[in-house]
Amino acid sequence: MESELEKMLEAYKPLDETTVVSSAEKASRYLRKQRLWEAIRQEIKDYPKALQMKLYRASHPEKAYAAYLRQKDSHKQLKVEVLTHYGNQKLACVQCGEDRVACLSIDHIEGGGNKQRKGKLRASTAFYRWLKREGYPEGYQTLCMNDQFVKRFEREEHN
Ligand SMILES: [Zn+2]
């Protein structure tokens, strides 16, 4: 099995960027690459899933990058949608009107309790996804970081 894989690796040899190849050769290389990956996949099938994924991304950088861009884009869209809902249909802080998206996040109006855990959850995509899936439950608002800090400061003063 190992010598088979070695043979395939030898046959695949990456091209240097200046080498011109015919489209037939390109197609053939593509097939060899696919077969090579299949063989590697067999070799690593008992590895932890996360490691398998890493190896896949490492051997398919263009695919991994395209997926990363798509994911980044959909995260951004989701964030804009949720922040707009909780900004009273404006993509802005409900207190001061700050509208730079990077400064905005969701504030749990009556929030308290385990602040650290909630803080971590608040920033995560999972939280934005949850809010949307739940049909935008009440009790949240869009605040800028300054107003979040002011709110925290005022709470601590009263405690
Ligand atoms: Zn603000």
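Pairing residues of segment 8-33 that are under 17 Å from PRO61 (Cα atoms) with residues that are surrounded by fewer than 11 Cβ atoms within 10 Å (Cβ to Cβ), at Cβ distances under 8 Å and at least 6 apart in sequence or on separate chains, gives no pairs at all.
ASN88 passes every criterion in (1) modelled with pLDDT of 85 or more; (2) exposed (fewer than 12 other Cβ atoms within 10 Å of the Cβ); (3) in a helix (DSSP H, G or I) apart from (3).
What do you reckon, is ASP73 of a type outside the set (Lys, Arg), exposed (fewer than 12 other Cβ atoms within 10 Å of the Cβ) and outside any helix (DSSP H, G or I)? Here the answer is no, as ASP73 does not meet what is asked. Among the residues of segment 57-68, are any more than 25 Å from LYS13 (Cβ to Cβ) and not assigned by TED's automatic domain parsing to the domain that holds PHE127? Yes, the conditions are met somewhere in segment 57-68.
Confirm whether GLY97 is within 16 Å of the ligand (Cβ to nearest atom), under 30 Å from LYS151 (Cα atoms) and surrounded by fewer than 11 Cβ atoms within 10 Å (Cβ to Cβ). So GLY97 passes the test. Condition check for LEU78 on (1) free of Cβ contacts under 8 Å to residues at least 24 places away in the same chain; (2) surrounded by 12 or more Cβ atoms within 10 Å (Cβ to Cβ): one failure, at (1).
Being of a type in the set (Phe, Trp, Tyr) and within 16 Å of the ligand (Cβ to nearest atom) holds for only one residue in TYR86, TYR68, TYR56, and it is TYR86. Looking for something farther than 21 Å from GLY139 by Cβ and either of a type outside the set (Lys, Arg) or within 13 Å of the ligand (Cβ to nearest atom) (or both) - is there at least one such residue anywhere in segment 75-82? Yes, segment 75-82 contains at least one residue that is farther than 21 Å from GLY139 by Cβ and either of a type outside the set (Lys, Arg) or within 13 Å of the ligand (Cβ to nearest atom) (or both).
In segment 101-111 there is no residue that is over 23 Å from the mean Cα position of the chain (by Cα), in a helix (DSSP H, G or I) and either modelled with pLDDT under 90 or acidic (Asp, Glu) (or both). Screening the candidates LYS63, LYS7, LYS45, LYS26 for the property of being charged (D, E, K, R) and not in a helix (DSSP H, G or I) yields one hit, LYS45. Here are some residues: LEU121, LEU131. Which one is in a helix (DSSP H, G or I) and modelled with pLDDT of 90 or more? Just one listed residue meets the conditions, LEU131.
The values are calculated or read from the model by the stated rules, or taken from the named source; none is laboratory data. Keep in mind the model is a prediction, meaning the values are calculated, not measured. Here Cβ is always computed from backbone atoms with ideal geometry, including for glycine, and neighbour counts include all displayed protein chains.
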